[in-house]
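Contents: one structure, followed by commentary.
The values are calculated or read from the model by the stated rules, or taken from the named source; none is laboratory data. As the structure is a computational prediction, the values presented were derived from the model and not from experiment. Please note: Cβ atoms are built from the backbone with ideal geometry, for glycine as well, and neighbour counts cover all protein chains shown. To get the accessible areas, we keep the full protein, side chains included, count just its heavy atoms, and leave off ligands, DNA and RNA. Shrake-Rupley method; radii C 1.70, N 1.55, O 1.52, S 1.80 Å.
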Amino acid sequence: MSRPLLYAANWKMHHGPAAARAYAARFLELTSPAPGRDLWFFPPAVSIAATADAFARRSDIRVGAQHTHWESKGAFTGEISNGMAAEAGASAVLIGHSERRHLFGETDEQVAKLTVSALAAGLIPLVCLGETLSEREGGRTEGVVLRQIEAVAARVPVEAWRTIVIAYEPVWAIGTGRNATPDDAAQVHRLIRGELLRLGMQARVRILYGGSVNQGNVLALLAQEELDGVLVGGASVDPDGWAELVGVG
Ligand code: 13P
């Protein structure tokens, strides 16, 4: 595949610091940098430093936070700021993941504020979008995805999309074993690209697909030129499986 590919591992609530170090040691044994392939890891907050330290000598690997707050400090019990995540070794942050939107009530407005704050702190925002099953079945995929992009676009200058990475993750495909077909994914990616162009962003913005990606379906998904990579939960939790997945694309 000619375009550069990004493989992002979202560990979700797996791997404390000791497990993260063990994972990294095993992953380093199994892989070497490959041209045109970026590997990003999103460990839980407490494991960012351990993961970033363990991967420090690999220039193809970036570590990010799964969640931050938009304020830089203050009385926000349980939260961490972008600056704190950066100090621990993060250089990217997941924003608007469906689990944050649907389990923790994150709104489009908050997603936009988080994107602005991440950019201001020098972190790369990996902004997640996607419709629920009932939205898809109700023919509302396009409307939902465009609304989610426009909420961010209302607050960031058009040039910022050069830095932002987008992940299209249909909620019905996350952790369900039911992934979008490569055509379904490519169709929504085209919709997103069209909208970014309409907003004035000429450059190619990286758009990943996420939702039940595994070793068996990754090749067919990445055969779609619209996909710049994948954002993976379950199939990234084991280092052997993840090394295999990033090796087949
Ligand atoms: P799964 O790969 O487990 O479906 O999760 C996808 C996801 O939410 C990645 O952020």
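What the table shows:
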{"quantity": "Subset tally (residues that are open to solvent by 50 Å² or more (accessible area, probe 1.4 Å), modelled with pLDDT of 95 or more and within 12 Å of the ligand (Cβ to nearest atom)) for the stretch 163-180", "calculated": "0"}
{"quantity": "Check on Gln187, without any contact (Cβ under 8 Å) to a residue 60 or more places away in the chain, closer than 24 Å to Ala151 by Cα and not in a helix (DSSP H, G or I)", "calculated": "no"}
{"quantity": "Qualifying positions in the stretch 92-107 - acidic (Asp, Glu) and open to solvent by 50 Å² or more (accessible area, probe 1.4 Å)", "calculated": "Glu99"}
{"quantity": "Scan of the stretch 1-31 for residues that are open to solvent by less than 30 Å² (accessible area, probe 1.4 Å), out of contact with any helix residue (DSSP H, G or I) (no Cβ under 8 Å at 6 or more places or on another chain) and not aliphatic (A, V, I, L, M), ordered by number", "calculated": "Arg3"}
{"quantity": "Selection from the stretch 123-141 of residues that are on the phi < 0 side of the Ramachandran plot and either assigned to a loop (DSSP other than H, G, I, E, B) or in contact with an Asp or Glu (Cβ under 8 Å, 6 or more places away or on another chain) (or both)", "calculated": "Leu123, Cys128, Leu129, Glu131, Thr132, Gly138, Arg140, Thr141"}
{"quantity": "Selected residue (only one of Gly78, Gly83 is more than 16 Å from Cys128 (Cα to Cα), assigned to a helix (DSSP H, G or I) and out of contact with any helix residue (DSSP H, G or I) (no Cβ under 7 Å at 6 or more places or on another chain))", "calculated": "Gly83"}
{"quantity": "Given (1) over 17 Å from the mean Cα position of the chain (by Cα); (2) within 19 Å of Trp242 (Cβ to Cβ); (3) open to solvent by less than 30 Å² (accessible area, probe 1.4 Å), number of the condition Ala34 does not satisfy", "calculated": "(3)"}
{"quantity": "Answer from Leu28, Leu94 - the residue that is touching a Cys at 6+ places or on another chain (Cβ under 8 Å) and either part of a helix (DSSP H, G or I) or not basic (Lys, Arg) (or both)", "calculated": "Leu94"}
{"quantity": "Pick from the stretch 139-162, criterion closer than 24 Å to Val213 by Cα and not aliphatic (A, V, I, L, M), ranking: farthest from the ligand (Cβ to nearest atom)", "calculated": "Gly139"}
{"quantity": "Sole residue being touching a strand residue (DSSP E or B) at 6+ places or on another chain (Cβ under 7 Å) and either in contact (Cβ under 8 Å) with a residue 24 or more places away in the chain or more than 24 Å from Asn217 (Cβ to Cβ) (or both), chosen from Lys73, Lys12", "calculated": "Lys73"}
{"quantity": "Residue satisfying condition, being at pLDDT 95 or above and in contact with a Gly (Cβ under 6 Å, 6 or more places away or on another chain), within set Val218, Val230, Val213, Val237", "calculated": "Val218"}
{"quantity": "Test for Gly130: is it touching a residue at least 40 places away in the same chain (Cβ under 8 Å), within 16 Å of the ligand (Cβ to nearest atom) and over 26 Å from Tyr23 (Cβ atoms)", "calculated": "yes"}
